[in-house]
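Working notes, structure below.
Readers should treat all values here as calculations from the given coordinates under stated rules, not as data from a laboratory. Here the structure is a predicted model, which means the values were calculated and not measured.
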Amino acid sequence: MAKVRELVEAELENIRQVVAELTSADSIPNLSSLELTGVAALIHNFYNGIENILKQMVVHLGVELPHNSSWHRDLVNLGVSNGIISESTAEDLRRYLAFRHFFSHSYSFDLDKARIIPLVKGIEGTFASFTDEINRALKES
């Protein structure tokens, strides 16, 4: 238990730094394409950290990680079905998952500020809910 808690806490701290960077970003509509790519990379980092925590928690509960082509989506669903996160938090996370997929498989010149702005605006709330639920799950396990 102590090991998973340490791993989760380290990952949460990394995500906190990403969230702090994102919420301090200048007005997104005025960013250059290079700056916008940086913002998109931070959103990608945010979601990767979330996945790292979900993987640790699922393994800690003795549940096998998915290994199919939809494993990213299945991991979120496992988080819900195993009581790690709520369906409400999962819905929020699926928006970031969709963006992570887009970002990983596209070119930076395809980035749309209108798609990024709501993600940046919602990141603090999503992270707060996720953190609360992860801490609750750690206490219960």
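To one decimal place, what orientation-averaged projected area in nm² is obtained for the convex hull of the Cα set of the chain? Present the calculation step by step, with values, prior to reporting the outcome.
On the way: hull surface 32.4 nm².
Spelled out: convex hull of the Cα atoms, projected over all directions, averaged, 8.1 nm².
Rule-of-thumb check for the range 1-55: C-alpha Rg over 2.2 N^0.38 Å? Working shown, then result.
Working: Rg = 13.6 Å, N = 55, 2.2 N^0.38 = 10.1 Å.
It is 1.35.
Take the Cα radius of gyration of the range 47-119 and divide it by 2.2 N^0.38 Å, with N its residue count; two decimals is plenty.
Working: Rg = 13.4 Å, N = 73, 2.2 N^0.38 = 11.2 Å.
Relative to the rule-of-thumb radius for its length, the range 47-119 sits at 1.19.
Straight-line reach only, C-alpha to C-alpha below 18 angstrom: list the lysines that Lys139 could link to, leaving out same-chain residues fewer than 8 apart.
Lys3, Lys55
Under 15 Å between alpha carbons, and skipping anything fewer than 8 positions from Lys113 in its own chain: which aspartates and glutamates qualify?
Within reach: Asp26, Glu35.
Would you mind pulling out the separation of the Cα centroids of the range 27-65 and the range 69-101, in Å?
12 Å
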